[in-house]
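Trainee: Below: one structure in structure tokens.
Coordinate-derived values only; no laboratory data. Everything numeric in this text was worked out from a predicted model, so none of it was measured. Every residue, glycine as well, gets a Cβ built from its backbone with ideal geometry; the counts of neighbours run over all protein chains shown.
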Amino acid sequence: MEQKKPFLKKLSVLFATLVGIFLITYLLPVGEILKALKEVSLKSLAIGLFLYTLSYLFRTFRWKYYYPKAPLGYLFFTTSTNTFFNNLLPARMGEGSIFLLLKRFDPSVKETLKKFLKVRLLDGFAILTLLTLSVVWVKVNPLLGIFMSLAIYPLGVFTSKFLSRFHSKIPSLGWEVAPFLLSVGALISKLLAVYTVLEFLKMDFFKFAGGFIGGELSSILPIHSFAGLGSYETAFAFSLKLLFGETFKEGFKVAFLSHSFLLFGSSLLGLLSLLFLKRKG
């Protein structure tokens, strides 16, 4: 039974990838995509790449919080490399790279794992914060959206402390406000980068944010296919349809353009970082 699990996982990834390629081929006429890409201005692309790089800097400073002795430059290249592998490989298989790259600063895999889980949990809180803000902002009231989003992280900390009283295996989260704010900053910078590049679409910012969050969620789940082909677009488009009533086909097109930019940006920074780390290694 245990031997079948890796095979079934690979089979599910292959299936998700093939379905994704079919959806892209079926829903996105080549001519329409090429026409949309021509609408991207060099100015918007340059600003988008700057904001996307800024999101890496936020994540780099977050790692610096947990590894104060590690050089900032090395942490930046580590972040870029890890993100590149995560975007390329299915089901977050690229996460293993972070343990190899940070091993020189903390040889204890157990301690690195604790810090890694904290970072990913903070990413989860950041996603929930932005999702709450975008949905409540559009569907109810902007001011209420701000107040509700500000309550997500404190509510998560208090809930963990409460639940940990009933079961020892439930972790009690501490207050780590600086890393959380850096997580939020990284997510917002990434969102702004994509939205800036696709400004010609004229989609409402907070609606776009709702779809963007759906795509981000797909990338951390087992449904993430090779390079996220199709799975990212489907989650993005489904979120836009479910939350705001946008047509699935239109949402899929927006998602494909967003995903293309993200893959381009992460590949550019990731490959350059790999060259640097190889020289240092």
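Trainee: For region 99-192: lysine pairs with Cα atoms under 29 Å, gap of 8 or more or different chains, count?
Mentor: 19
Trainee: When only C-alpha pairs under 8 Å and at least 6 residues apart count, what is the relative contact order of region 37-280, in percent?
Mentor: Over region 37-280, the number comes to 29 percent.
Trainee: Could you compute the net charge surrounding Ser183? Neighbours are other residues with a C-beta less than 15 Å from the C-beta of Ser183; K and R count +1, D and E count -1.
Mentor: Here the charged neighbours net out to +4.
Trainee: Sort Phe76, Phe162 so that the residue with the fewest other Cβ atoms within 10 Å of its own Cβ comes first and the one with the most comes last.
Mentor: Phe162, Phe76
Trainee: Follow-up. To make sure I understand, if each residue's beta carbon is the centre and we count other beta carbons within 10 Å, what order do Ser80, Ser219 fall in, fewest to most?
Mentor: Ranking Ser80, Ser219 by Cβ neighbours within 10 Å, fewest first, gives Ser219, Ser80.
Trainee: Here's another thing I want to ask about it. For labels at Leu100 and Lys43 in the simple 7 Å Cα→Cβ model, what's the distance in nm?
Mentor: 4.3
Trainee: Now a separate question. Run the numbers for Leu144 and Ile220: contour at 0.36 nm per residue of separation, minus the present Cα-Cα distance, in nm.
Mentor: 24.5 nm
Trainee: Provide Rg over Rh for region 37-280; use the alpha carbon set for both Rg and the Kirkwood Rh (inverse mean inverse pair distance).
Mentor: 0.97
Trainee: Run down the aspartates and glutamates and flag those whose C-alpha is under 15 Å from the C-alpha of Lys202, throwing out any fewer than 8 positions away in its chain.
Mentor: List returned: Glu39, Glu246, Glu250.
Trainee: Note down the net charge around Val135, summing +1 for each Lys or Arg and -1 for each Asp or Glu among other residues with Cβ under 14 Å from its Cβ.
Mentor: Here the count lands on +1.
Trainee: Could you check the spin-label model distance between Glu199 and Tyr65? Points 7 Å from the Cα along Cα→Cβ, value in nm.
Mentor: 3.1
Trainee: What is the fewest-to-most order of Trp63, Trp137, Trp175 by other Cβ atoms lying within 10 Å of their Cβ?
Mentor: Going from least to most buried by this count: Trp175, Trp137, Trp63.
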